[in-house]
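Taking it in order: structure first as structure tokens, then the write-up.
The values are calculated or read from the model by the stated rules, or taken from the named source; none is laboratory data. Note that the structure is predicted; figures quoted are calculated from it, not measured. Every residue, glycine as well, gets a Cβ built from its backbone with ideal geometry; the counts of neighbours run over all protein chains shown. For accessibility, only protein heavy atoms count, side chains too; no ligands or nucleic acids. Shrake-Rupley method; radii C 1.70, N 1.55, O 1.52, S 1.80 Å.
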Amino acid sequence: MTEPRPEPSRLVVLVSGSGTNLQALIDASADPAYGARIVAVGADRDGIEGLARAQRHGIPTFVDRVADHPDRAAWDVSLAETVASYEPDLVVLAGFMKLTGPAFLDRFGGRTVNTHPALSPSFPGMHGPRDALAHGVKVTGATLFVVDAGVDTGPIVAQVAVPVEDDDDVESLHERIKTSERAMLVEWVGRLAREPHSIDGRRIRFHPKEQS
Ligand code: GRF
């Protein structure tokens, strides 16, 4: 069982893009009652709005690019070491467009979550909104899950359903998903930080604290 520590949980957030999910976590963690604070934001690329958002809030940032390493395995080791240097309790992949590898999972397996813009197990991979639209589903959504070695396959922490409208294109659908996704991420990262929980196979259980 993961028992939260009395002080705010330390979050490292990894991003690759605009960072609106990151921003939602930055805003939520401004309230001490949230129970978590972001100690670093990392990215696999330079020059993205996600990093700029962190910098504007005085949060330390780092960039670790695959291209700067001999191979993907070396990048994975390096990323794991850099993240470890911030001593996170929880790692949040918030629009991080790379798969973390074995070295990362050895260190942070069970305490790394990712958000995916589809209702798992449907439409895994890079194009959740596009694939949902192409399939003609009427409801899609977002999934927060504990990262494992697969592509968007880990144990599910939370899901939120979002309607598909007749006149949606990929952009309008993804924006609607992201509005719900951000609220889900904030709610459930907070619960992971504040509430004891355990992972039992594919099921995540929260254990109410005993009243004193
Ligand atoms: C989110 O929908 C995330 O699930 C997906 O990319 C989007 C990132 O958005 N993988 P942002 O960078 O947080 O604005």
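Which value, in debye to the nearest 20, gives the size of the charge dipole of the chain about its Cα centre, when Lys and Arg are +1 and Asp and Glu are -1 at the Cβ?
So the dipole magnitude of the chain works out to roughly 460 debye.
For the range 9-206, what is the per residue volume of the convex hull drawn over the alpha-carbon atoms, in cubic angstrom?
Spread over its residues, the Cα hull of the range 9-206 gives 116 Å³ apiece.
Largest first, what is the accessible-area ranking of Val92, Val137, Val170 with a 1.4 Å probe?
Correct descending sequence by accessible area is Val170, Val137, Val92.
Note down the net charge around Asn21, summing +1 for each Lys or Arg and -1 for each Asp or Glu among other residues with Cβ under 15 Å from its Cβ.
-1
By accessible area of protein heavy atoms, probe 1.4 Å, what ranking do Arg107, Arg53, Arg176 get, highest first?
Descending order: Arg107, Arg176, Arg53.
Among DSSP beta bridges whose residues both lie in the range 9-206, state the antiparallel percentage, nearest 5.
Roughly 45 percent of the beta bridges in the range 9-206 run antiparallel, per DSSP.
What is the spin-label model distance, in nm, from Asp46 to Asp167 if the labels are put 7 Å beyond Cα along the C-beta direction?
In this crude spin-label approximation the distance works out to 4.3 nm.
Within the range 174-212, whose backbone N sits under 18 Å from a point 7 Å along Cα→Cβ of Ala33?
Residues 186-195, 209 fall inside that zone.
For the chain, what are the DSSP H helices with axial Cα length of 27 Å or more and mean Kyte-Doolittle hydropathy of at least -1.0?
What comes out of the filter, once short or polar helices are dropped, is 170-194.
Taking the Cα centre of the range 9-206 as the origin and placing charges on Cβ (Lys, Arg +1; Asp, Glu -1), which of Ile199, Ala134, Leu22 is farthest toward the positive end of the dipole?
Going by the Cα projections, it comes out as Ile199.
What is the magnitude of the charge dipole of the range 1-70 about its Cα centre, with +1 placed on the Cβ of each Lys and Arg, -1 on the Cβ of each Asp and Glu, and no other charges, expressed in debye to the nearest 20?
For the range 1-70, the charge dipole is close to 80 debye.
Under 17 Å Cα-Cα from Lys178, which aspartates and glutamates qualify once same-chain neighbours fewer than 8 residues away are excluded?
Hits, sequence-local ones excluded: Asp27, Glu49, Asp131, Asp152, Glu165, Asp168, Asp169, Glu187.
What residues from the range 150-184 fall in the zone where the backbone N is under 19 Å from a label point 7 Å along the Cα-to-C-beta line of Lys138?
The answer is 160-169, 173, 177.
Please give me the summed charge of the neighbours of Gly136: other residues whose Cβ is under 15 Å from its Cβ, Lys and Arg +1, Asp and Glu -1.
Once all neighbours under 15 Å are counted, the net charge is -4.
Return the long-range amide H neighbours of Ser9 (sequence gap of 5 or more, or a different chain), with a cut-off of under 5 Å between placed amide H atoms.
Answer set, sorted by chain and number: Ala36, Arg37.
Calculate the spin-label point distance for Thr61 paired with Ser18, positioning each point 7 Å from the Cα along the beta-carbon direction, and give it in nanometres.
Between Ser18 and Thr61, the simple spin-label model gives 1.7 nm.
Using protein chains only and a probe of 1.4 angstrom, how many square angstrom of Asp89 are accessible, to the nearest 10?
Spelled out: Asp89, probe radius 1.4 Å, area about 50 Å².
Taking amide H positions as placed 1.01 Å from N in the peptide plane, with prolines and chain starts having none, which residues 5 or more places from Met97, or on another chain, fall under 5 Å of its amide H?
Placed amide hydrogens put Ser16 under 5 Å from Met97.
For Thr112, what residues show an amide H to amide H distance below 5 Å, using hydrogens built from the backbone and excluding near sequence neighbours?
Val91, Val147
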